[in-house]
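A.B. asks: I have a structure I would like to understand better, so I am pasting it below and will then ask my questions one at a time.
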Amino acid sequence: MAAEGFETVVGALDYPMFVVTTTDGRRRAGCLVGFAAQCSIDPPRFMVWLSKNNHTFEVAAGASTVVVHRLDTSVSGLAELFGSHTGFDTDKFTRCAWHSGPGGVPVLDDCAGWFAGEILSRHDTGDHVGLLLRPVEGTSATGLGPQLGFQSVRDLSPGNEA
């Protein structure tokens, strides 16, 4: 019963969704992420969790930097692209506009709000691994639209199972 109650509560949450991109110097990768949070104010720190079954997890294992993109409701197509396709068989970056950012990591042109984070440490938390990030660069975008939340993407067919 405890697990059932937990699933009911977290299934009703509308936590923010992000696209995380990275490179290991040879491969690019990116995925839709719902497990992410600021975890320190001073010094500034952010944690993002990647599924161990995900292509982005595999590429991030050899990366030193990731870019976290804030999704607003105007870019729901990016949420679908990065959430419903796997990088194991699809180069998602041929289907969207992007440019090379800090450390060569892809930055999605349609996301007004993003920051790059240096990976300070990795934390195995079960079927996901948390990346503790130190923000190193980002946008100073203003006028961001409403945040895209989990409830807006919960019906997407995942590119990989979690």
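A.B. asks: Out of the residues in the range 97-127 that are outside any strand (DSSP E or B) and touching a Leu at 6+ places or on another chain (Cβ under 9 Å), state the one that is modelled with the lowest pLDDT.
C.D. replies: My answer is Ala112.
A.B. asks: Let me ask another. Which of the residues spanning the range 123-149 are touching a residue at least 40 places away in the same chain (Cβ under 8 Å) and within 17 Å of Ser74 (Cβ to Cβ)?
C.D. replies: Result: Leu144, Gly145, Pro146, Gln147, Leu148, Gly149.
A.B. asks: When only residues in the range 83-105 that are touching a helix residue (DSSP H, G or I) at 6+ places or on another chain (Cβ under 7 Å) and over 20 Å from Leu144 (Cα atoms) count, which is most open to solvent (accessible area, probe 1.4 Å)? Spell out how you get there, then give the answer.
C.D. replies: Step one: of the range 83-105, the residues touching a helix residue (DSSP H, G or I) at 6+ places or on another chain (Cβ under 7 Å) are 83, 85-88, 92, 95-96.
From the residues that got through so far, the ones that are over 20 Å from Leu144 (Cα atoms) too are 83, 85-88, 92, 95.
On the way: Gly83: 18, His85: 66, Thr86: 15, Gly87: 21, Phe88: 104, Lys92: 11, Arg95: 141 Å².
Filtering the range 83-105 for residues that are touching a helix residue (DSSP H, G or I) at 6+ places or on another chain (Cβ under 7 Å) and over 20 Å from Leu144 (Cα atoms), the one most open to solvent (accessible area, probe 1.4 Å) comes out as Arg95.
A.B. asks: Against the definition (within 24 Å of Thr142 (Cα to Cα), of a type outside the set (Lys, Arg) and in contact with an Asp or Glu (Cβ under 6 Å, 6 or more places away or on another chain)), how does Val75 come out, yes or no?
C.D. replies: yes
A.B. asks: With the requirement that a residue be charged (D, E, K, R) and either assigned to a strand (DSSP E or B) or surrounded by 12 or more Cβ atoms within 10 Å (Cβ to Cβ) (or both), what does the range 128-162 give you?
C.D. replies: Correct list: Arg134, Glu137.
A.B. asks: Which ones in the range 106-127 are touching a His at 6+ places or on another chain (Cβ under 8 Å) and open to solvent by 70 Å² or more (accessible area, probe 1.4 Å)?
C.D. replies: Passing the criteria: only Asp109.
The values are calculated or read from the model by the stated rules, or taken from the named source; none is laboratory data. On a predicted model such as this, the values are computed, not experimentally measured, just so you know. FYI the Cβ positions are ideal-geometry reconstructions off the backbone, even for glycines, and counts take in every protein chain you see. Ligands, DNA and RNA are stripped out before the accessible areas are found, and what is left, the full protein with its side chains, is counted by its heavy atoms. Shrake-Rupley method; radii C 1.70, N 1.55, O 1.52, S 1.80 Å.
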